[in-house]
Amino acid sequence: MRAAAKGLAVTGVLVFTLFPVYLMIVTALNGEANAGSRTLWPDEWTLDNFAYVVTEGGFGRYLTNSLTVALATVLAGALLALLAAVAVARFRFRFRTSVLVMVLIIQMVPVEALVIPLFIQARTMAMLDTLAGLVVVYLAFSLPFAIWTLRGFVAAVPVELEEAAYLDGASWGRMFRSVLLPLVAPGLVATSVFSFIVAWNEFIFALTFMSDDQNYTVAVGLRRFFGQHATDWGAVMAASTLITIPVMVFFVIAQKRLTDGLVAGAVKG
């Protein structure tokens, strides 16, 4: 009886979680979606909504922009966060504790409170309407979490392993690549997933910083299919499906490392 109740509960959770995804895909493939058809199994299946979104809707360009920004944020964030984590975990320097406290305080500041100051700063630095400006902003928001998380992984690596590498004649760079990097790789994957999500889903700064629609990201580009008096639901759902696919692929690739990183992060540091 208890097993049946658990099975029913799990089934209910799965249906509650997956039904919106199913409805999104079905509507995107529904040839009558724009005519007001709301059905769980359309009579007419078509890829016209996807073709319209990518060609006439210009969504291919938005996907390219978002992938560029997200990957740049992940790569730059992983490098900077790892180097900063090594610094605060391995070296003793003045204001070290203050740096760690400031990292936490930055996480507490609401994003909305920083829109105007960052906009003014980006305008001063001529970084408005550029993808590089978005990358810098997203790095500022993802780095504190990444540094704090990776610090625990670096601190958990025994110093004796590094010293043994030095005794074998390894330079700091060789020790970093061959000893430290493989051991903190699960943490790097976990923080990279966080950075990717931040850059991929962010809307406020992408909307505020961009005036040229050629530089829009997917979050902002999705607005094109919402009209003042009518909404192209077929195109909206097709675009939403295209937005979801890269995130799912990224999660599938990083799944094992991500699980290892989350579990290890709960017991290390």
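The values are calculated or read from the model by the stated rules, or taken from the named source; none is laboratory data. It should be emphasised that the depicted structure is a prediction, and the values quoted were computed from it without experimental measurement. Positions of Cβ are generated from backbone atoms using ideal geometry, with glycine treated the same way; all protein chains shown enter the neighbour counts. The protein model used for the area step is the full one, side chains on, heavy atoms only, and it has no ligands, DNA or RNA in it. Shrake-Rupley method; radii C 1.70, N 1.55, O 1.52, S 1.80 Å.
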- Calculated FRET efficiency for the pair ALA185/ALA132, C-beta based, R₀ 30 Å, to 0.05: 0.60
- Query: Given springs between every Cα pair under 10 Å in a Gaussian network model of the chain, which of THR217, THR68, THR124 has the largest fluctuation?
  - Reply: THR124
- Item | Inter-probe distance in nm under a simple model that places probes 7 Å from Cα toward Cβ, at ASP48 and ARG177 | 5.6 nm
- Candidates SER66, SER171, SER211, ranked by Gaussian network fluctuation over the chain, Cα under 10 Å, top entry: SER171
- Task: Measure off 7 Å from each Cα along the Cα-to-Cβ vector at GLU56 and ILE120, then give the distance between these two points in nanometres to one decimal.
- Result: 4.4 nm
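If you take the beta carbon distance between VAL252 and ARG94 as r and set R0 to 35 Å, what does 1/(1 + (r/R0)^6) give as a FRET efficiency, to the nearest 0.05?
On the way: r = 44 Å, r/R0 = 1.27.
That gives a FRET efficiency of 0.20.
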- Size-normalised alpha-carbon gyration radius of the chain, reference 2.2 N^0.38 Å: 1.23
- Item | Computed E for THR11/THR39 - FRET, C-beta separation, R0 22 angstrom, nearest 0.05 | 0.45
- Query: Given springs between every Cα pair under 10 Å in a Gaussian network model of the chain, which of LEU14, LEU161, LEU150 has the largest fluctuation?
  - Reply: LEU14
- Message: Net charge around LEU207, counting only other residues with Cβ within less than 13 Å of its Cβ (Lys, Arg = +1; Asp, Glu = -1)?
- Response: -3
- Please say if segment 82-123 is rounded, prolate or oblate, where rounded means a/c under 1.5 for a ≥ b ≥ c the square roots of the C-alpha gyration tensor eigenvalues, and otherwise the choice is prolate for a/b larger than b/c and oblate otherwise? prolate
- Message: Give me the one-decimal nm value for the distance between modelled label points at THR68 and VAL111, 7 Å along each residue's Cα-to-Cβ direction.
- Response: 2.1 nm
- Query: For segment 77-154, which trypsin sites (Lys or Arg not before Pro) are in a loop by DSSP, counting at most 15 other Cβ atoms within 10 Å?
  - Reply: ARG92, ARG94
- Query: How much accessible area per residue does the chain have, in Å², with a 1.4 Å probe?
  - Reply: 57 Å²
- Work out which helices of the chain, taken as complete DSSP H runs, extend at least 24 Å along their axis over the Cα atoms and score a mean Kyte-Doolittle of -1.0 or more, then list them. 2-29, 59-90, 131-156, 181-201, 233-267
- Message: Under the rule a/c < 1.5 gives rounded, and otherwise a/b versus b/c splits prolate from oblate, where does segment 92-186 land using the Cα gyration tensor?
- Response: prolate
